[in-house]
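Just so it is clear, none of the values below were taken in a lab; they were calculated from the coordinates. Worth saying up front: this structure is predicted, and the values here are computed from it rather than measured. Here the Cβ is made from the backbone with ideal geometry for all residues, glycine too, and neighbour counts use every protein chain on show.
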Amino acid sequence: MTTATAGDPPKRTFKISKRYLPYLLSLPALLTCIGILIPFFTAVAYSLQRYRLSQPWAREYNWGANYLNFLSDPSFWNTLKVSLTYAFLTVGIELLLGLGIALLLQKRTRFNNFVSIMLLMPLMTAPALASLMWKLMTNPGFGILSYFAELLGIEDMRWASDPSTAMLTVVIVDVWVYTPFIMILLLAGLRSLPRQPFEAAELDGVPRLFVFWRITLPMLTPFLLTATLFRVIESIQQFDIIYAMTQGGPGDTLTVFQVEAYLNFFQSTNVGRSAALLMILWAITYFLSSVFIKNWLRLRERARGEA
Amino acid sequence: MQSVSTLERVLRGIAITVIILFFMFPILWIFLMSFQTNETILRVPPSIFFEPTLVNYKALISGRLEGSTATLEIAFMSNLYNSLFLSVTSVTVGLLLGVPAAYAFARLKFRGSEDIAFTLLSFRFAPPLLVLLPLTIYFQQIGLADTYVGLIWVYQLIVLPLILWIVRGYFEDIPADIEYAYRIAGHGFWATFRRIALPLAGPGIAAAGLLAFIFAWNNFIFALVLASADKQPVTVGALAFITASGINYGQIAAGIILSIAPTFALALYAQRYLVEGLSLGAVKG
């Protein structure tokens, strides 16, 4: 290696580049990581400060005060309640509906495949635009759904602008957009189940309801768990649908975490409170997503083993 | 037995019809609305019979909206262009940077690789505003606020993790022996990557690219926080649209149809990749 022949230099550079190659290739990923972590720790710092954009001179660390204030702050508890209600309602309905549709479309027929592709279209719609579509349909003046409500005897249904039906309206939009996601995941799960237990049960004449509860459902559990966790994580931080529909209103009926944080930051310019809200939301999603990732990786390992 | 299965078939038929109605009706209704004038839209009772007209689309494309009281200039076409430009560049940048990185994560185990991969994955599920709000302040300081470069950078926060995790799975599925054999035959690292690994992971790269494009196109919050009117994509632009006074409802409907058409067309064209991508490789459907 000491003699510098003609062939040596390229070989040496290759060796050097080989050692650093992984780092060079993953540099963009590393930079993105840093690009995420810097704002993240900045947000942690903001959440520990008294920081209003309108009063920059009064900015100082107040340590846990933003979080402590939440304990006696009814609007924080409202945010928590609205977010949990939203997540619980949307994911619950989507799970039941998605499972039902997946069971209906389970057989691989040309018609079923066509329907499942058609049902994917709401999922392809931007959630913010989906809200606009439903806004046009629930307009009290000419909305087709307001007309249907009237036919059913409900006079003057005001949908998202009435506090008593605002939650219902955004939940319907969420169900419309995201049920297809659960459906497609469970359909793939159902179709990947081994045939033998079902054939054996059919030969023995086991009732179909029994087969569903004792064979289908237990075998589908990992898929159900993955779909549920994934949707809960997304649903609890829903912003697009709610902001596009009512911007959190009427009043504080729909001020879920991210909407409340957005309004705190841009309207009341209270950066400290906004960041503290987001940190609490982050803690919830971090816990859920660590469970989700573990579960998902195991599912992927299994799918790979069988493939 | 026969009667039970007939009853069941009828019930199944009804259930499927109701489901298709619920999920397809809004799209169909808005589509019909986009070919109507305010007069037919405001008619009571509503009817699906009307004289279709293209005035709404013409108004959007020319950028001059003839409202009930005045003529309004709305640059909807530039919103559409922004959406296209932002999504295409973000996905291109994401693929150029993400695919080699995914290969490194899959093949070359090195210190810290799992930490990077997990950080990216776990922040994929974190609230976007948590990163966005501090970024708006930083972007103002370094002059990236309200620029395409800044937006494309932020779009990488969703595009890159998606590409990394999907494509990595596909690279891991390729038996390493094929690549070793090719290397032993005297080919270099890059040649192996280009001629063996890339083509074999092709479907995964297509699925990841397609999904990343749809996510970028449908994104709302990034541009809402970071972009001013002339850089806004359709998702944010359409919202401003509905609050503008004197607009015909048919024009809003036409705007929505034009905004969702590209993702619908892509989804129909590449359904197979879509289903694979949506399940994030968790299930091979």
For this session: Could you run the Karplus curve 6.51 cos²θ - 1.76 cosθ + 1.60 with θ = phi - 60° over the stretch A:38-55 and give me ³J(HN,Hα) per residue in whole Hz, x for Gly and Pro?
Result: 4, x, 4, 5, 4, 5, 4, 4, 4, 5, 9, 10, 8, 9, 10, 4, 7, 10
Exercise. Hey, what number do you get for the protein assembly as shown at 222 nm if only DSSP H runs of n ≥ 4 count, each worth -39500 (n - 2.57), divided across all residues, to the nearest 500?
Worked result: -23500 deg cm²/dmol
Problem set entry | Exposed-loop-free span, longest in chain B, where trypsin sites (Lys or Arg not before Pro) count as exposed if DSSP calls them loop and at most 11 other C-beta atoms lie within 10 Å | B:112-285
Seminar exercise, completed: Fewest-first ordering of A:171, B:99, B:44 by Cβ atoms within 10 Å yields B:44, A:171, B:99
For this session: Mind telling me which of B:265, B:227, B:185 comes out most flexible in a GNM of chain B, alpha-carbon contacts under 10 Å?
Result: B:185
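Assuming a viscosity of 1.002 mPa s and a temperature of 20 °C, what translational diffusion coefficient in µm² per second does Stokes-Einstein assign to the protein assembly as shown, Rh being the Kirkwood radius over Cα pairs?
82
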Seminar exercise, completed: Residues whose modelled amide H sits under 5 Å from the amide H of residue A:49, counting only those 5 or more places away in sequence or on another chain, are A:62
Exercise. What pairs in B:109/B:231; B:58/B:231; A:81/A:107; A:81/B:231 have C-alpha atoms more than 32 Å from each other?
Worked result: B:109/B:231; A:81/A:107; A:81/B:231
Exercise. Sorted from fewest to most neighbouring beta carbons within 10 Å, what does the list B:14, A:36 look like?
Worked result: B:14, A:36
Exercise. For the stretch A:217-223, in order, what is each residue's ³J(HN,Hα) by Karplus, 6.51 cos²θ - 1.76 cosθ + 1.60 with θ = phi - 60°, in whole Hz (x at glycine and Pro)?
Worked result: 4, x, 6, 8, 3, x, 5
Exercise. For A:130-143, what's the mean count of beta carbons from other chains sitting within 10 Å of each residue's beta carbon?
Worked result: 5
Exercise. Taking springs between alpha-carbon atoms closer than 10 angstrom, which of A:79, A:90, A:165 fluctuates most in the Gaussian network model of chain A?
Worked result: A:165
For this session: Calculate one ³J(HN,Hα) per residue across the stretch B:89-106 by plugging θ = phi - 60° into the Karplus curve 6.51 cos²θ - 1.76 cosθ + 1.60, and present them in order as whole Hz with x for glycine and proline.
Result: 5, 4, 5, 4, 4, x, 6, 4, 8, x, 5, x, 5, 4, 5, 4, 5, 7
Problem set entry | Gaussian network model of chain B, springs between alpha carbon atoms under 10 Å - residue of B:34, B:47, B:83 with greatest fluctuation | B:47
Problem set entry | Cα-based Kirkwood hydrodynamic radius, the stretch B:100-163, one decimal, Å | 13.3
Problem set entry | Where trypsin sites (Lys or Arg not before Pro) in DSSP loops with at most 15 other Cβ within 10 Å are excluded, longest remaining stretch of chain A | A:196-307
